[in-house]
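Enquirer: One structure, pasted below without further comment.
The values are calculated or read from the model by the stated rules, or taken from the named source; none is laboratory data. A quick note: this is a predicted structure, and the numbers were derived from the prediction, not measured. Using ideal geometry, Cβ is built from the backbone for each residue, glycine included, and neighbour counts are taken over all protein chains shown.
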There are 2 protein chains.
Amino acid sequence: MVTNKIAAGFSKLTKEEKLKLVSRNVRKPEEFIMEMKSFWHKEKQKIFDDISENTISNYWLPFGIAPNFLINNNIYHVPMVIEESSVVAAASGSAKFWFSRGGFNSRVISTKKTGKVHFIWEGKFNNLIRYMDKLKPAFREKTRHITRNMEKRGGGITDFEFVDMTHEIDNYYQLNVSFETVDSMGANFINSCLEEIALVLRDFFCSCQDFELPERNCSIIMAILSNYTPDCLVESWVECEIGQFNKMDKNLTAHDFIWKFENAVQIANADPSRGATHNKGIFNGIDAVAIATGNDFRAIEANGHTYACMNGKYKSLTEFKFDKDIFRYSLKIPLVMGTVGGLTSLHPLARRSLELLGNPDARKLMQIAASVGLANNFSAVKSLVTKGIQFGHMKMHLLNILNYHQVSENERQTAIEHFKTHKISFNSVSEYINRLRS
Amino acid sequence: MVTNKIAAGFSKLTKEEKLKLVSRNVRKPEEFIMEMKSFWHKEKQKIFDDISENTISNYWLPFGIAPNFLINNNIYHVPMVIEESSVVAAASGSAKFWFSRGGFNSRVISTKKTGKVHFIWEGKFNNLIRYMDKLKPAFREKTRHITRNMEKRGGGITDFEFVDMTHEIDNYYQLNVSFETVDSMGANFINSCLEEIALVLRDFFCSCQDFELPERNCSIIMAILSNYTPDCLVESWVECEIGQFNKMDKNLTAHDFIWKFENAVQIANADPSRGATHNKGIFNGIDAVAIATGNDFRAIEANGHTYACMNGKYKSLTEFKFDKDIFRYSLKIPLVMGTVGGLTSLHPLARRSLELLGNPDARKLMQIAASVGLANNFSAVKSLVTKGIQFGHMKMHLLNILNYHQVSENERQTAIEHFKTHKISFNSVSEYINRLRS
């Protein structure tokens, strides 16, 4: 049990001092410090230290490859970063299955990002909207120093709109601003623009001669991008003839398989607690690509899950169709990803991930990530309705359990052989290792 | 642009061969291989390779510390792993503010986890539930080999219940199984149990003499844990007297601040697109603790976001109260986290993170993570309603921009000094560096 002392002025300490300070709370401080340092980079540590604050080391996640993803007729060997075993294997298995069946198709439906100035104003909506034409040039002028470069790249602010929200909160209005951020995720760009726009709006209300009190008073509550972007949308899908599922499972005909698959997807729509788990499998894949490429997976998660419940009930993000013997399975999801700016070129491994993908633009990265998400979900549902999820998962997790028992190379090989035909669980493996050693 | 060749038998290749194969698609293969190898660990690489599949290297994320979190009267220096700048600084700032105001309070409300066997059965619900008493002993017996160890630790299967879902899908029923997994996240345990239970159920329908066709037919669609666990719930909160906010912002009285803060939280409830962003700030903190401690953040995200929309509209996970001059701000969130099993003891850095936290049990880790989530959200809302989010964020992001421009130590110090009093944006920093160099 730790009873830490307060660490005053922590952020001002050097990294060595920080390490030493926190090590006061562990059993073997010197060993702790040595181990944490073993995860530092010889040349590039400064970059990692500056990415976040109060850093004492780096956290390592396995960097894997899901090879042979055929997406819109291009082959990608997709970098995936994830701590959960079997996710990369599942994506790879799915990629392999679909490779010979036309691969993944993907299209970007829209790329609109939005942010809002939220304000409380004691006036009428009709009195507000008639000033839009006057305000727009001011908004544009005051954000020019930020939008200039983005416009050169084909992006910028695309629209302004006042929204009446007084049915929700008294005197509550929004100024919705739409953005095109091209290949950048755009969070800093959008937020910087919105903060300038908020100032223009505040000054306008103070100084507008047409207004009397109380209409002169406007309280800007906040100005901030929205992580929910239903109009920044991508769709990936796979399709093939029913006959392709004949050998999916030795106990199931192709029709039986499709019937069970369809039921599994319907259930994800019928029961939110299954929907959440169903969609979690999608994010396993998408987040792994997001982390590998330096993108913000919390933004991606918030976006997708909010989209999943937009009609009042949390549902599956995938859609099943079976028509004229053609199986079609698709994923439609809002995705905000960047391939320039942020960490994408700063993080040495994010840069390498993008290089492995052929330095795609943001639209292509959206398509890749969505396809991997669909692949992971397809693989999970396929396993669930056939041999169960644990069979494949535990096969992959076996190595972790063996490492936990610090097996020798000999024990390792013997165990791998044994568990090719025996059920894997933490207990069964532990017992087997104990038997082996006694 | 890459046109990859298909990489047949990829998973069978050695790590060196995999690296070589994917390097065919980059501009400077040798440099690529060398850089990827520079991220390998000298002694512990095998552990990382076995965590996931097809690994070629490790992906590094900064490992930071948010010091001085006072939670239920204990001080924690919390390990956080996140790629987004300013998240650790925001958590630290919040921890500091609340340290002298009573700190964070937290309580675990419940720890029930669930999983379901989903099945299609052409029979009546009343004919089903009367067999529960007969089935329970069989469920328990057939899972004994899995539950034995869990029961020793105080957990196990706590309940079985049939659920009629025929209002959603014809002939669709669920067997809901409840679990207590004590200090483990429990995913493998729950899924392994459910798959055994599904077999018992299937055999029961086939062999039960009371049933005639079609009641003998039961199709098990799937058996799987639920990532949505509304009864595995934790609450964290802070509270203080209004006077404590007097110096929060030089332009706002304490009352003004609280009024704006309240509006910001109400807006997150009124507009799902703000709700998603509001909650995203919570997950910034929680996920950073989850990754640091080897927990599954996709499961955490799916859980929390599904909970946020359970009443038909996506809402804030935090709650604001102001009563008798007392400000109270709380977060209630379902959280599934483990401190044993999974990667927690296997991943060297996850183990170290838990050590830094005093090797907490799962309940304590839930409390810590929820408090950090609340801290990050509090910090974000506080910034939004005062000086704006960009001020602090860009201050932290400045170092990244400077690294992007590969500044010298001299340029770095000059720039940091300059931007103490100037607005930071990617453009303004780039221009400043160019001026400095010309």
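Enquirer: Being under 28 Å from B:Ser52 (Cβ atoms), more than 10 Å from chain B (Cβ to nearest Cβ) and in contact (Cβ under 8 Å) with a residue 12 or more places away in the chain is true for just one of A:Asp249, A:Asp296, A:Asp325. Which residue is that?
Expert: Checking each option against the conditions leaves just A:Asp249.
Enquirer: Further question on the same structure: Give me the residue from region A:328-338 that is within 14 Å of chain B (Cβ to nearest Cβ) and assigned to a strand (DSSP E or B) and, out of that set, nearest to A:Ala187 (Cα to Cα).
Expert: A:Pro334
Enquirer: One residue is enough: does region A:21-28 have a residue meeting the conditions of a type in the set (S, T, N, Q), outside any helix (DSSP H, G or I), in contact with a Lys or Arg (Cβ under 7 Å, 6 or more places away or on another chain) and crowded, with 17+ Cβ neighbours inside 10 Å?
Expert: no
Enquirer: Can you go through B:Ser57, B:Ser106, B:Ser110 and tell me which one is farther than 29 Å from B:Thr229 by Cβ and among the small types (Gly, Ala, Ser)?
Expert: B:Ser57
Enquirer: Would you call A:Leu365 modelled with pLDDT of 95 or more, more than 8 Å from chain B (Cβ to nearest Cβ) and under 30 Å from A:Glu262 (Cβ atoms)?
Expert: no
Enquirer: Something else now. When B:Val182 is evaluated against the numbered criteria (1) away from every other protein chain (no Cβ under 11 Å); (2) of a type in the set (Val, Ile, Thr); (3) farther than 21 Å from B:Arg140 by Cβ, which criterion, by number, is the only one it fails?
Expert: Every listed condition holds for B:Val182 apart from (3).
Enquirer: Within region A:385-400, can you find the residues that are in contact (Cβ under 8 Å) with a residue 40 or more places away in the chain and over 24 Å from A:Asn105 (Cβ atoms)?
Expert: Scanning region A:385-400 gives A:Thr386, A:Lys387, A:Gly392, A:His393, A:Lys395, A:Met396, A:His397, A:Leu399, A:Asn400.
Enquirer: State whether the residues of region A:226-248 include one that is modelled with pLDDT under 95 and in contact with a Ser or Thr (Cβ under 8 Å, 6 or more places away or on another chain).
Expert: yes
Enquirer: Considering (1) in a loop (DSSP other than H, G, I, E, B); (2) touching a Pro at 6+ places or on another chain (Cβ under 9 Å); (3) at the interface with chain B (Cβ under 8 Å from one of its Cβ atoms), say which one A:Gly358 fails and leave the rest.
Expert: Exception for A:Gly358: condition (2).
Okay, residues lined up against (1) touching a Pro at 6+ places or on another chain (Cβ under 9 Å); (2) part of a helix (DSSP H, G or I):
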| site | (1), (2) |
| --- | --- |
| B:Pro67 | no, no |
| B:Ile75 | yes, no |
| B:Ala90 | no, yes |
| B:Asn105 | no, no |
| B:Phe119 | no, no |
| B:Ile146 | no, yes |
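Enquirer: Another question, then. Hey, could you check region A:308-361 for residues that are in contact with a Ser or Thr (Cβ under 9 Å, 6 or more places away or on another chain) and of a type in the set (Phe, Trp, Tyr) and say which is nearest to B:Lys5 (Cα to Cα)?
Expert: A:Tyr329
Enquirer: Take the residues in region A:150-179 that are more than 13 Å from chain B (Cβ to nearest Cβ) and of a type in the set (Val, Ile, Thr), then tell me which one is farthest from B:Lys260 (Cα to Cα).
Expert: So the residue we want is A:Thr158.
Enquirer: Then there's this: On the basis of being touching a residue at least 60 places away in the same chain (Cβ under 8 Å) and in a helix (DSSP H, G or I), does A:Ile33 make the cut?
Expert: no
To keep it simple, each residue is scored yes or no on (1) under 30 Å from B:Leu356 (Cβ atoms); (2) facing chain B (nearest Cβ under 7 Å); (3) without any contact (Cβ under 8 Å) to a residue 24 or more places away in the chain.
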position	(1), (2), (3)
A:Leu19	yes, no, no
A:Pro29	yes, no, yes
A:Trp60	yes, yes, yes
A:His77	no, yes, no
A:Met80	yes, no, no
A:Ala91	no, no, no
A:Ser110	no, no, no
A:Gly123	no, no, no
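Enquirer: Look at A:Leu365 and say whether it is in the same structural domain as A:Thr318 (by TED's automatic domain parsing), closer than 30 Å to B:Ile401 by Cβ and under 26 Å from the mean Cα position of the chain (by Cα).
Expert: Against the criterion (in the same structural domain as A:Thr318 (by TED's automatic domain parsing), closer than 30 Å to B:Ile401 by Cβ and under 26 Å from the mean Cα position of the chain (by Cα)), A:Leu365 qualifies.
Enquirer: Quick check on my filter: what residues within region B:217-227 are of a type outside the set (Gly, Ala, Ser) and buried (at least 16 other Cβ atoms within 10 Å of the Cβ)?
Expert: Listed by number, the residues that qualify are B:Cys218, B:Ile220, B:Ile221, B:Met222, B:Ile224, B:Leu225, B:Asn227.
Enquirer: Between a first residue in region B:419-432 that is closer than 16 Å to A:Thr143 by Cβ and a second residue that is part of a helix (DSSP H, G or I) and among the charged types (D, E, K, R), which pairs have beta carbons less than 7 Å apart while being 6 or more apart in sequence or on different chains?
Expert: Within 7 Å, the pairs are B:Ile424/B:Lys395.
Enquirer: Exactly one condition in (1) assigned by TED's automatic domain parsing to the domain that holds B:Ser330; (2) under 20 Å from A:Phe63 (Cα atoms); (3) free of Cβ contacts under 8 Å to residues at least 60 places away in the same chain is not met by B:Ile56; state its number.
Expert: Going through the list (1) assigned by TED's automatic domain parsing to the domain that holds B:Ser330; (2) under 20 Å from A:Phe63 (Cα atoms); (3) free of Cβ contacts under 8 Å to residues at least 60 places away in the same chain, B:Ile56 breaks only (1).
Enquirer: I've got another one for you. If B:Leu343 satisfies all but one of (1) over 25 Å from B:Cys240 (Cβ atoms); (2) at the interface with another protein chain (Cβ under 9 Å from one of its Cβ atoms); (3) assigned to a helix (DSSP H, G or I), what's the number of the condition it fails?
Expert: (3)
Enquirer: Take the residues of region B:299-317 that are touching a residue at least 60 places away in the same chain (Cβ under 8 Å) and of a type in the set (Ser, Thr, Tyr): which is surrounded by the most Cβ atoms within 10 Å (Cβ to Cβ)?
Expert: Selected residue: B:Thr306.
Enquirer: Residue check, B:Phe211 against (1) assigned to a helix (DSSP H, G or I); (2) of a type outside the set (Val, Ile, Thr); (3) away from every other protein chain (no Cβ under 14 Å); (4) over 30 Å from B:Phe378 (Cβ atoms), all met but one. Which one?
Expert: Only one criterion in (1) assigned to a helix (DSSP H, G or I); (2) of a type outside the set (Val, Ile, Thr); (3) away from every other protein chain (no Cβ under 14 Å); (4) over 30 Å from B:Phe378 (Cβ atoms) is unmet by B:Phe211, namely (1).
Enquirer: Looking only at region B:149-178, which residues are of a type outside the set (Val, Ile, Thr), assigned to a strand (DSSP E or B) and either at pLDDT below 95 or closer than 13 Å to B:Cys193 by Cα (or both)?
Expert: B:Gly156, B:Asp159, B:Phe160, B:Leu175, B:Asn176, B:Ser178
Enquirer: Would you kindly identify the helices (runs of 4 or more DSSP H) lying entirely within region B:376-438 that contain at least 3 residues that are assigned by TED's automatic domain parsing to the domain that holds B:Leu252, touching a Leu at 6+ places or on another chain (Cβ under 8 Å) and surrounded by 20 or more Cβ atoms within 10 Å (Cβ to Cβ)?
Expert: Because the criterion is at least 3 residues that are assigned by TED's automatic domain parsing to the domain that holds B:Leu252, touching a Leu at 6+ places or on another chain (Cβ under 8 Å) and surrounded by 20 or more Cβ atoms within 10 Å (Cβ to Cβ), no helices (runs of 4 or more DSSP H) in region B:376-438 meet it.
Enquirer: Let me ask something additional. Please work out if A:Asn54 is on the phi > 0 side of the Ramachandran plot and either facing another protein chain (nearest Cβ under 7 Å) or touching a Pro at 6+ places or on another chain (Cβ under 9 Å) (or both).
Expert: Yes.
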